[in-house]
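The values are calculated or read from the model by the stated rules, or taken from the named source; none is laboratory data. Worth saying up front: this structure is predicted, and the values here are computed from it rather than measured. Cβ sites come from the backbone with ideal geometry, for glycine too, and all protein chains shown count toward neighbours. All accessible areas refer to the heavy atoms of the entire protein, side chains included, with ligands and DNA or RNA removed. Shrake-Rupley method; radii C 1.70, N 1.55, O 1.52, S 1.80 Å.
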Amino acid sequence: MGAMNDLLGPEAVEGLRTTLGQGLPGSGWAALAAAEAKLDPLSLRARCDLLAAALLSDLDVGYEHAAGIIRTALNDESFTGWMIWPVSEAAVTLALQDGTTHAFDDALALLFELTPRLTGEFAIRRLLLQDLDRALAQMQDWTLHRDEQVRRLASEGPRPYLPWAVRVPEIIARPEATLPLLDALHADSSQLVRRSVANHLNDIARHDPETVVALAGKWQEDTRDGTPWVVRHGLRTLVKKAHPGALALLGFTPSAVSISGPELDRTEVQLPGEIAFTVTVTNDSLHPARLAVDYVVHYVKANGSLAPKVFKLAVAELEPGETRRFRKTHALRPMTTRVHYAGRHLLQVQVNGQLSAAAEFDVVI
């Protein structure tokens, strides 16, 4: 993670001094210099927070003056990249401290101007917290903008579970609030935007699956390029959870299948390591079957209980009576998103929601 943290390092701090200094000549940037000396042990998010606080101290001006300084810096093409993140956070803080509708609206406009240099998706969250409907109304206009980064912000900014971002409880409580944005962007010409829409839809599926299935069903009638991918990617978590509506929408209709296995190539894994398995699936029905074949690893948690995690294995179409064998190797290695614990793990295969018997293996650390 060190290389990622260094995205906000001394070079970014020097860039802030140089570019922002064009709108505030004579500033000593004392707080920014002091913050630079404290960056080394911090995560990227913590570095952003530290630099944003330093900017607030060094600027020591109201929102309107600060926004003018930032807009002056935008005339410099070198004012770009990760240095923009703390700037956007500082700007939103000043706008909220101002407390006026004018400052709120102008902060949205400023993020609109900044996002082509670096996404404003994190800073915009506090404006969404302050006045969700006012912010979403402006973001609806962004769905028509020529810049794909602006259009992406309209989808990514209000995602219910945006990584690294503060939660906006009202978005989760009102899943219908962001649907007009997604509806406007689901067939966008940019894959970057369509990916954001699919991830946003997948977020909503965590707390309102029926709304997601209904919207995806509507989109499925859209013949424009890219839409089928958005539907599949947006429903991915519901498919893994074997949601009947999502499975049916993607053509994975209930079928009579037999699952033999899984058979493991070993019963013990020394970390870091891997385990391979095979499984045999037979279509016992009288009709062709389209099958979503996944597998579930039940990981040992710190308290000794098991937590299931579903992984994709294959999509297959089997004729009546056809049998097919699948093989997969699953890696078990240290990750920033998962801590492994020693103990008895389980592995199952899931076919259109139907689970196989569980095979056991021990993880040794």
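In region 210-233, which residue that is more than 24 Å from Arg146 (Cα to Cα) and open to solvent by less than 10 Å² (accessible area, probe 1.4 Å) is nearest to the chain's Cα centre (by Cα)?
In the first step, residues of region 210-233 are kept if they are more than 24 Å from Arg146 (Cα to Cα); the result is 210-218, 220-221, 232-233.
Right, trim to open to solvent by less than 10 Å² (accessible area, probe 1.4 Å) and you get 212, 216.
Numbers: Val212: 17, Ala216: 19 Å.
Among those residues, the one meeting the criterion is Val212.
Which one is nearest to Leu347 (Cα to Cα) among residues in region 257-308 that are open to solvent by 10 Å² or more (accessible area, probe 1.4 Å), touching a residue at least 24 places away in the same chain (Cβ under 8 Å) and charged (D, E, K, R)?
Looking at residues that are open to solvent by 10 Å² or more (accessible area, probe 1.4 Å), touching a residue at least 24 places away in the same chain (Cβ under 8 Å) and charged (D, E, K, R), I get Glu263.
Working carefully through the options His207, His200, find the one that is closer than 30 Å to Gly251 by Cβ and open to solvent by 30 Å² or more (accessible area, probe 1.4 Å).
Numbers: His200 fails: open to solvent by 30 Å² or more (accessible area, probe 1.4 Å).
Going through His207, His200 in turn, the sole match is His207.
Show the residue pairs meeting these rules: Cβ distance below 6 Å; 6+ apart or different chains; first residue within region 197-208 and over 15 Å from Glu148 (Cβ atoms) and modelled with pLDDT under 95; second residue among the charged types (D, E, K, R) and assigned to a loop (DSSP other than H, G, I, E, B).
Listed by first residue and then by second, the contacts come to nothing, as the list is empty.
Considering only residues that are free of Cβ contacts under 8 Å to residues at least 40 places away in the same chain and either open to solvent by less than 70 Å² (accessible area, probe 1.4 Å) or in contact with a helix residue (DSSP H, G or I) (Cβ under 9 Å, 6 or more places away or on another chain) (or both), which ones fall in region 319-356? Talk me through it step by step, then tell me what you get.
Filtering region 319-356 down to residues free of Cβ contacts under 8 Å to residues at least 40 places away in the same chain leaves 319-321, 335, 337-339.
Correct list: Pro320, Gly321, Arg338.
Any residue in region 151-176 that is within 20 Å of Thr337 (Cα to Cα) sitting within a Cβ distance under 9 Å of a residue that is outside any helix (DSSP H, G or I) and β-branched (Val, Ile, Thr)? List the pairs, counting only those 6 or more apart or interchain.
Listed by first residue and then by second, the contacts come to Pro160/Val168; Leu162/Val168.
Does region 320-329 contain at least one residue that is under 23 Å from the mean Cα position of the chain (by Cα) and closer than 19 Å to Arg266 by Cα?
Let us first name the residues in region 320-329 that are under 23 Å from the mean Cα position of the chain (by Cα), namely none.
No, there is no match, as no residue in region 320-329 is under 23 Å from the mean Cα position of the chain (by Cα) and closer than 19 Å to Arg266 by Cα.
For Glu121, indicate whether it is open to solvent by less than 40 Å² (accessible area, probe 1.4 Å), modelled with pLDDT of 95 or more, among the charged types (D, E, K, R) and not in a helix (DSSP H, G or I).
Numbers: open to solvent by less than 40 Å² (accessible area, probe 1.4 Å): yes; modelled with pLDDT of 95 or more: yes; among the charged types (D, E, K, R): yes; not in a helix (DSSP H, G or I): yes.
So Glu121 fits the description; yes.
Going through region 238-248 one residue at a time, which ones are among the hydrophobic types (A, V, I, L, M, F, W, C) and open to solvent by 40 Å² or more (accessible area, probe 1.4 Å)?
Within region 238-248, the subset among the hydrophobic types (A, V, I, L, M, F, W, C) is 238-239, 242, 246-248.
Across region 238-248, the qualifying residue is only Ala248.
For residues in region 262-306 being small (Gly, Ala, Ser) and under 16 Å from Asn352 (Cα atoms), which is nearest to the chain's Cα centre (by Cα)? Quick ask: steps written out before the conclusion?
Applying the first criterion (small (Gly, Ala, Ser)) to region 262-306 yields 273, 276, 285, 289, 292, 302, 304-305.
If we keep only those that are under 16 Å from Asn352 (Cα atoms) too, we end up with 285, 289, 292.
Numbers: Ser285: 39, Ala289: 32, Ala292: 23 Å.
That would be Ala292.
Return a yes/no flag: does region 131-146 have any residue that is assigned to a loop (DSSP other than H, G, I, E, B), under 21 Å from Ala177 (Cβ atoms), open to solvent by less than 60 Å² (accessible area, probe 1.4 Å) and small (Gly, Ala, Ser).
no
Between a first residue in region 82-96 that is modelled with pLDDT of 95 or more and a second residue that is of a type in the set (Ser, Thr, Tyr), which pairs have beta carbons less than 8 Å apart while being 6 or more apart in sequence or on different chains?
Between residues of region 82-96 that are modelled with pLDDT of 95 or more and residues that are of a type in the set (Ser, Thr, Tyr), the close pairs are Met83/Thr19; Ala91/Tyr63; Leu94/Tyr63; Ala95/Tyr63.
Looking at Val257, Val293 in this structure, which one is out of contact with any Pro (no Cβ under 9 Å at 6 or more places or on another chain) and under 30 Å from Tyr161 (Cα atoms)? I'd like the intermediate steps shown before the answer.
Details: Val257 fails: under 30 Å from Tyr161 (Cα atoms).
After ruling out the rest, the residue left standing is Val293.
Would region 338-350 turn up any residue that is under 23 Å from Pro244 (Cβ atoms), within 32 Å of the chain's Cα centre (by Cα), at pLDDT 95 or above and not hydrophobic (A, V, I, L, M, F, W, C)? Even if it seems obvious, please write down each step before you answer.
Of region 338-350, the ones under 23 Å from Pro244 (Cβ atoms) are 348-350.
This time we only want the ones that are within 32 Å of the chain's Cα centre (by Cα), so: 348-350.
Filter once more, keeping what is at pLDDT 95 or above: 348-350.
Filter once more, keeping what is not hydrophobic (A, V, I, L, M, F, W, C): 348, 350.
Scanning region 338-350, I find at least one residue that is under 23 Å from Pro244 (Cβ atoms), within 32 Å of the chain's Cα centre (by Cα), at pLDDT 95 or above and not hydrophobic (A, V, I, L, M, F, W, C), so the answer is yes.
Regarding Ala103, is this residue open to solvent by less than 30 Å² (accessible area, probe 1.4 Å), small (Gly, Ala, Ser), over 25 Å from Ala34 (Cα atoms) and at pLDDT 95 or above? Before you say what the answer is, go through the steps one by one.
Details: open to solvent by less than 30 Å² (accessible area, probe 1.4 Å): yes; small (Gly, Ala, Ser): yes; over 25 Å from Ala34 (Cα atoms): yes; at pLDDT 95 or above: yes.
Judged against the criteria, Ala103 is a match.
Scan Ala331, Ala314, Ala276 and give me the residue that is under 26 Å from Gln220 (Cα atoms) and in a strand (DSSP E or B). Steps first, please.
Working: Ala331 fails: under 26 Å from Gln220 (Cα atoms); Ala276 fails: under 26 Å from Gln220 (Cα atoms).
It is Ala314.
Quick check: is even one residue across region 90-112 charged (D, E, K, R) and in contact with a Gly (Cβ under 9 Å, 6 or more places away or on another chain)?
First pass over region 90-112, keeping only residues charged (D, E, K, R): 98, 105-106.
Those still in the list that are in contact with a Gly (Cβ under 9 Å, 6 or more places away or on another chain) too: 98.
Scanning region 90-112 turns up at least one residue that is charged (D, E, K, R) and in contact with a Gly (Cβ under 9 Å, 6 or more places away or on another chain).
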